[in-house]
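Read through the structure below, which is laid out as structure tokens, and then see the notes.
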Amino acid sequence: MNKNTLLVCGLILAVTFMLPGAGFAADEPKKQSAKKKTPVELQQERTQSLTHKMMGNINLAQFALGLKLPDDAAHHIEKAQAVEAELAEQLPELTVKSSFKYGKVTYDDISTIKEHYVPVENDVLVSSDYEAIFERSKELGLKETSAGIVQITVSVDLREVKKGLDAAHRDIDRKDYGKAQNALAAVFQDAIVNEEEIDDPILAISGNLALAKSFLNIGQYDKARFTLQYVQERLASASTSNVSLSGVDRATVKNLSADLDKLKAELRKEDPTLTQRISDQLDHWKKTVEEWID
């Protein structure tokens, strides 16, 4: 019996934004975070945030079309178009280079592997944007299989984005959904210049604990469970390396792995009454893991 499968991967990375003649890193050392930001830095942050939202909506639109939700797709395209217009007014060079946090969704539709990148802000899924898509995924019987962490860097040409969005919207109006989906896919895939898994195990573990909590909070129990499975795999790999977790108490690592087994078993029950307790436990372990950082 053919079964659709779904792979959800959270993207946790150091966000950077670059403009000609200027550079800005969003994840700066804590000792610098209190320093008052200049108007240029504030504008760069604003542009960074807008670009993130634009690219995220492009991929949500593409994903919605794949799930036969054309109205939702059109809604996300219109949101992306509005952001593109705002960015075009701010950036005369019409080019943005940046890295973002996304959730990477890969599913096997019988014979075709498809990938999507969906937005995560402050390690939290934008749940209002996901509601219809997640519900539709459940109706279609998409089955989660695993989760992971990757980092992508994009170079965005706003002129190409505008052309792609306009074409996709026209295609949806004409009910040519396959053509619209291809146009959206081209916009994002052409923008990607690099993708790789995060090397630092502590950042990967901490980020996925946050992502698991985010899935839990919106009732996506299987996604949360498979995200925790990824955490366990990274934990096991890191614990065998003297360099990766140098100085970390091995008993603590063992306790975390045992707790993850229990949490995964509880998530299989899909019991909303357990949500708060599991969420609190994830917060506890995220804080513990972050204390491992020198």
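The values are calculated or read from the model by the stated rules, or taken from the named source; none is laboratory data. This one's a predicted model, so the numbers in the text were calculated from it and none came from an experiment. Positions of Cβ are generated from backbone atoms using ideal geometry, with glycine treated the same way; all protein chains shown enter the neighbour counts. The accessibility values were calculated without ligands, DNA or RNA, using every heavy atom of the protein model including side chains. Shrake-Rupley method; radii C 1.70, N 1.55, O 1.52, S 1.80 Å.
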Q | Across LYS53/LYS97; LYS213/LYS269; LYS97/LYS179; LYS223/LYS264, pairs whose alpha-carbon gap is larger than 19 Å | A | LYS97/LYS179
Q. Simple spin-label model, 7 Å along Cα-to-Cβ: ASN255 to GLU195 in nm?
A. 3.8 nm
Q: Just grab the label-to-label distance for LYS35 and LYS68, each label 7 Å out from Cα along the Cβ direction, in nm (one decimal).
A: 5.5 nm
Q) Can you give me the Cα centroid spacing of region 215-294 and region 160-194 in angstrom? A) 38 Å
Q | Förster radius 22 Å - calculated FRET efficiency between GLU291 and LYS269 (Cβ-Cβ, nearest 0.05) | A | 0.15
Q: Give a residue-ordered list of calculated ³J(HN,Hα) values for region 49-65 (Karplus: 6.51 cos²θ - 1.76 cosθ + 1.60, θ = phi - 60°; whole Hz; x for Gly, Pro).
A: 5, 5, 5, 4, 5, 4, 5, x, 5, 4, 6, 5, 5, 4, 5, 4, 5
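Accessible area of region 182-289 with a 1.4 Å probe: how many percent of it is carbon plus sulfur?
Accessible surface attributable to carbon and sulfur in region 182-289 totals 46 percent.
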**Q.** For peptides 71-81, 36-46, sequence by mean Cβ density within 10 Å, most packed first
**A.** 71-81, 36-46
Q. Tell me, what ³J(HN,Hα) does each residue in region 77-86 have, in order and in whole Hz, if you take phi through Karplus 6.51 cos²θ - 1.76 cosθ + 1.60 with θ = phi - 60° and put x for Gly and Pro?
A. 5, 5, 5, 5, 5, 5, 5, 4, 5, 5
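Mind ranking 205-211, 164-170, 175-181 by how tightly packed they are, going by the mean number of other C-beta atoms within 10 angstrom, highest first? Intermediate values should be presented prior to the final figure.
On the way: 205-211: 25.7, 164-170: 20.3, 175-181: 16.3.
Per-residue Cβ counts within 10 Å, averaged per peptide and sorted highest first, yield 205-211, 164-170, 175-181.
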